[in-house]
Amino acid sequence: MTVPRGGFFDLNGEWDVENKGIAPDIDVAVTPKDVAAGHDPQLERAVSEALRLLQEHPVNLLKEPRRLCESARKNK
């Protein structure tokens, strides 16, 4: 492992360093007991959040267009 001896300014004009990671949007407690029981609390929370968002913002699937070869035949 190396320790960087330099830094850079972030978008707010503050000193920053690489490999800091990203702060989570949603805090999830991960306990050894859950992991030992075969659970992944972060994944389970992510799935529940995704399902909630799909309920709030349903996906509108578009109808598949005609195949190109069918379109070419009908245009002749």
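The values are calculated or read from the model by the stated rules, or taken from the named source; none is laboratory data. Keep in mind it's a predicted model, so treat the numbers as computed, not measured. FYI the Cβ positions are ideal-geometry reconstructions off the backbone, even for glycines, and counts take in every protein chain you see.
Across the stretch 6-37, the number of residues qualifying as in a loop (DSSP other than H, G, I, E, B) and farther than 23 Å from E49 by Cβ comes to 11. Evaluation of V3 against the conditions (1) more than 19 Å from the chain's Cα centre (by Cα); (2) modelled with pLDDT of 90 or more shows that the sole unmet condition is (2). In the stretch 12-40, the residues that are surrounded by 10 or more Cβ atoms within 10 Å (Cβ to Cβ) form Cβ pairs under 8 Å with partners that are polar (S, T, N, Q), at six or more places apart or across chains, as follows: V28/Q42; V30/Q42.
All conditions but one from (1) surrounded by 10 or more Cβ atoms within 10 Å (Cβ to Cβ); (2) at pLDDT 95 or above; (3) assigned to a loop (DSSP other than H, G, I, E, B) apply to R66; the one that does not is (2).
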